[in-house]
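What follows is a short report on a single structure.
The values are calculated or read from the model by the stated rules, or taken from the named source; none is laboratory data. Since the model is a prediction, treat every value here as computed from it, not as a measurement. Here the Cβ positions follow ideal geometry from the backbone for every residue, glycine too, while neighbour counts run over all protein chains shown. Heads up: the accessible areas ignore ligands, DNA and RNA and are worked out on the full protein's heavy atoms, side chains in. Shrake-Rupley method; radii C 1.70, N 1.55, O 1.52, S 1.80 Å.
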Amino acid sequence: MAMLPKKLSPKSLLKLLKSEKNSNTSLSLFDIASQHPNYTHDAITFHHILRKLGSSDPKFIPHITRIVDMIQTQKCLCSEDVALTVIKGYAKNLMVDKAMEIFQNMKEIFGCVPRVRSFNTLLNAFVVSGQLSRAELFFKYFGTMGVSPNLETYNVLIKLNCKMKRFDKAKELLGWMWEIDLKPDVYSYGTLINGFSKNGRLGDALKVFDEMFERRLYPDVTCYNILIDGFLKNGDYDSGKKIWERLVKGSSVYPNVVSYNVMINGLCRCGKFNEGLELWDRMKRNAQKMDLFTCSTLIHGLCELGNVNGAERIFKEMIETGLSPDVVVYGVLLNGYCKVGEINKCFELWELMGKEDCRNVTSYNILMRGLFENGMVDEAISIWKLMNENGVVADSTSYGILIHGWCKNGYLNKALKVLEAENKMDAYAYSSIVKGLCKEGRLDEATAMFDLMAKQGCKLSSHVCNALINGFIKASKIEDALRFFGEMSSRNCSPTVVTYNVLIDGLCKGERFGDAHKLVEDMLQKGWTPDMITYSLLMDGLCQSKKIDLALKLLSQIVSKGFKPDVTMVNIIIHGLCSAGDLENALQLFLSMSQWECLPNLVTYNTLMEGFYKARDCKNASAVWALILRRGFRPDIISYNITLKGLCSCHRMSDAILFFNDALNRKIRPTAITWNILVRAIIYG
């Protein structure tokens, strides 16, 4: 810190303060100078230190208050600019009442009166802090005080109306400004575009954007960024891309780092990770400096896609350009390695994170979850212990991961011990225990745990309710499942489509098709739309019970409602028809798939082929095999087992051996079923 001269003047102090970049050091210099003999701060010095503290950390707010008191005590006459700096400092930290206090006492504190800029600053403070009613009342005060609103005032009023979702009024205000020759600026239009965009009214936002060109008022890059971000967040990739192209081709404005970040983030959100990567390369070519947000977005997107190599490339280039990864970037890459099972790389990155002091409780949680997911229980527990040893306090997520990891890997009793020892458990931890108990058929304990979960104040989710219902069904306790289902609403837990599907599946397996159908009707009455899984479960149950006509009737109803059957549903019915020996209708259904834009998969072909072999129709079965190859599918062991069994049943042993050898040549490993087919054929001919 610089030393103060013996003979100190405000001018020499100001020079020293300007040379100091650190706010703490500047404040210390200012305070030492305050004690200097025969020295008094002037308005310019006060203004400089207040401006510096106001733009810094919120921790300096008490010092701003102290300096304001000094100004009043010293009776230093200051301009409105000094008062504005204080009002803005308080407003920035949402201390609107303190800002109002300064506004009301400007004459007593600073020796000046508030003019339109001070009024505008306080009006904006009310709007930004969400005190919209106070903002409206305060605007009425303008007239009382004889203050004439200016362009900035009306820009704040447009923002106020957008926040109150009064978009028609905001639009009218914009038009009225043109009428009174108070020409709106880019900020006026940008505020309205932002308001429309944030509320999903992107068509209206685009109209306002286009109006700017008609008025010969050209949007700045922020207007473009707002629209691109809005369209991409709404999943409208095409519209977002069009605005981006207009930005790139425009002659008066150019993309900035925010533009690239918005576009890359939006592309990743729309699943277009490769395009995001191409844009990142373009960003570098245009000498745009990437920031942590850009890198974090791309690394996250590529990891979600499973392209860890691409994520690594971004990470390395980021370090090479001198950009230091933060704990978020490290966490994203660590999670990516865990997802693809690159455990060695996980530990290498973990060591680097330790050296760079970039580990927090979230980092430990990511690694623990990844290790548990990859079945590395001992290693996960060692990370848990390390977290405690390093003084990192485990949160409810940490305990949830630990309990879920124990349960998933078959250590339910250890999970129960953790639950008994630790009271701060969240819904995720309790859900894992309930699911684990249901999986082991310990339904009484699962029900007791569910009740405890409710007593502890955990929000009951449909996931845990579905697990308990599924547990009852697997234990053939369908009545208990239905009873619990009926109690869900009283437990403040609404059923979902999955809940209905679990119950419908159980009822169909118990051949209670009437009850299953009633449940579908109940879904419709309560506003739920049955999905393809719902209908597929019903059809599967009907086909299993040889009620093929009812299954076909249900299919017809689904198509008449505008649904397009998926391949799973069609496969279920083809299987039912083949099992009933109705190959003609099975083949007809297969040929109808294209009209529903439903492409057959390998299961479809396997099912048809098995049906033909059961009917001793080797010719058509062979035709299906040829179709599998022609459509580019790779036959699996199920395909070969069906063919071997079919050929053996038709006493074509030599052909069966040829297919068996073909499977071996394709490196497809025979199963116990394969050997059983061949042995039975040899023994029984």
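A few notes on this one:
- Restricting the stretch 532-555 to residues that are at negative phi and part of a loop (DSSP other than H, G, I, E, B), the residue that is least open to solvent (accessible area, probe 1.4 Å): Ser545
- Filter result for Asn661 (open to solvent by 60 Å² or more (accessible area, probe 1.4 Å) and assigned to a helix (DSSP H, G or I)): yes
- Search result, residues across the stretch 314-354 that are not in a helix (DSSP H, G or I) and not β-branched (Val, Ile, Thr): Gly322, Leu323, Ser324, Pro325, Asp326, Gly341, Glu342
- If only residues of the stretch 327-343 that are within 21 Å of the chain's Cα centre (by Cα) and at pLDDT below 90 are counted, the one that is most open to solvent (accessible area, probe 1.4 Å) is Lys339.
- For the stretch 629-680, the candidate set comprises residues that are hydroxyl-bearing (Ser, Thr, Tyr) and farther than 17 Å from Glu610 by Cα; within that set, the residue that is modelled with the highest pLDDT is Thr671.
- Here Ser148 does not fit the description of being modelled with pLDDT of 95 or more and either assigned to a helix (DSSP H, G or I) or loosely packed, with under 12 Cβ neighbours inside 10 Å (or both).
- For the stretch 608-619, the candidate set comprises residues that are over 19 Å from Thr674 (Cβ atoms) and out of contact with any Leu (no Cβ under 8 Å at 6 or more places or on another chain); within that set, the residue that is surrounded by the fewest Cβ atoms within 10 Å (Cβ to Cβ) is Lys619.
The rows are residues; the columns are (1) without any contact (Cβ under 8 Å) to a residue 40 or more places away in the chain; (2) farther than 18 Å from Ser363 by Cα; (3) among the small types (Gly, Ala, Ser).
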residue	(1), (2), (3)
His300	yes, no, no
Leu305	yes, yes, no
Phe315	yes, no, no
Met318	yes, yes, no
Gly331	yes, no, yes
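- Boolean, Asn390 is over 30 Å from the mean Cα position of the chain (by Cα) and over 14 Å from Leu437 (Cβ atoms): yes
- The set of residues from the stretch 271-295 being assigned to a helix (DSSP H, G or I) and open to solvent by 20 Å² or more (accessible area, probe 1.4 Å) comprises Phe273, Asn274, Glu275, Leu277, Glu278, Asp281, Arg282, Lys284, Arg285, Leu292, Phe293.
- Residue count for the stretch 1-37, restricted to those that are of a type outside the set (A, V, I, L, M, F, W, C) and in contact (Cβ under 8 Å) with a residue 12 or more places away in the chain: 11
Conditions tested, residue by residue: (1) open to solvent by less than 70 Å² (accessible area, probe 1.4 Å); (2) not in a helix (DSSP H, G or I).
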{"residue": "Ile628", "(1), (2)": "yes, no"}
{"residue": "Arg634", "(1), (2)": "no, yes"}
{"residue": "Lys645", "(1), (2)": "no, no"}
{"residue": "Ala656", "(1), (2)": "yes, no"}
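- Residue, most open to solvent (accessible area, probe 1.4 Å), within the stretch 1-35, restricted to residues that are within 45 Å of the chain's Cα centre (by Cα) and farther than 19 Å from Ile67 by Cβ: Lys21
- Condition met for Leu367 (under 17 Å from Ser431 (Cβ atoms) and either of a type outside the set (A, V, I, L, M) or out of contact with any Lys or Arg (no Cβ under 6 Å at 6 or more places or on another chain) (or both)): no
- Matching residues in the stretch 445-504 - criterion: being among the basic types (Lys, Arg) and free of Cβ contacts under 8 Å to residues at least 24 places away in the same chain: Lys455, Arg483
- When Leu678, Leu591 are checked against the criterion of being of a type in the set (A, V, I, L, M), on the phi < 0 side of the Ramachandran plot and open to solvent by 50 Å² or more (accessible area, probe 1.4 Å), a single residue qualifies: Leu591.
- Of the set (1) open to solvent by 80 Å² or more (accessible area, probe 1.4 Å); (2) more than 21 Å from Lys667 (Cα to Cα), all apply to Ile638 but (2).
- The number of residues in the stretch 439-467 that are hydrophobic (A, V, I, L, M, F, W, C), under 30 Å from the mean Cα position of the chain (by Cα) and farther than 18 Å from Asp426 by Cβ comes to 0.
- In the stretch 506-531, the residues that are within 31 Å of the chain's Cα centre (by Cα) and open to solvent by 40 Å² or more (accessible area, probe 1.4 Å): Leu524, Lys526, Gly527, Trp528, Thr529, Asp531
- Test: residue in the stretch 557-568 that is in a loop (DSSP other than H, G, I, E, B) and closer than 22 Å to Gly646 by Cβ: no
- Residue identified as farther than 14 Å from Asn194 by Cβ, surrounded by fewer than 23 Cβ atoms within 10 Å (Cβ to Cβ) and at pLDDT 90 or above among Lys249, Lys241: Lys241
- Reported count of residues in the stretch 197-214, each being open to solvent by less than 20 Å² (accessible area, probe 1.4 Å) and either under 22 Å from the mean Cα position of the chain (by Cα) or not hydrophobic (A, V, I, L, M, F, W, C) (or both), is 2.
- Output for the stretch 252-268, where each listed residue is at pLDDT below 85, surrounded by fewer than 17 Cβ atoms within 10 Å (Cβ to Cβ) and touching a Leu at 6+ places or on another chain (Cβ under 9 Å): none
- When the stretch 63-111 is filtered for residues that are assigned to a helix (DSSP H, G or I), more than 24 Å from Leu132 (Cα to Cα) and polar (S, T, N, Q), the ones remaining, listed by number, are Thr65, Gln72, Thr73, Gln74.
- Hits in the stretch 32-47 - residues which are outside any loop (DSSP other than H, G, I, E, B) and either touching a strand residue (DSSP E or B) at 6+ places or on another chain (Cβ under 6 Å) or within 22 Å of Leu77 (Cβ to Cβ) (or both): Ala33, Ser34, Ala43, Ile44, Thr45, Phe46, His47
- When the stretch 361-377 is filtered for residues that are surrounded by fewer than 16 Cβ atoms within 10 Å (Cβ to Cβ) and assigned to a loop (DSSP other than H, G, I, E, B), only Gly375 remains.
- Residues being basic (Lys, Arg) and crowded, with 22+ Cβ neighbours inside 10 Å - total across the stretch 46-104: 0
- Filter result for Gly230 (within 19 Å of the chain's Cα centre (by Cα), closer than 20 Å to Ile193 by Cβ and of a type in the set (Gly, Ala, Ser)): yes
- Number of positions in the stretch 513-529 that are under 17 Å from Ile572 (Cα atoms) and either touching a strand residue (DSSP E or B) at 6+ places or on another chain (Cβ under 7 Å) or not in a helix (DSSP H, G or I) (or both): 0
- Flag if Leu16 is in a helix (DSSP H, G or I) and more than 21 Å from Lys88 (Cα to Cα): yes
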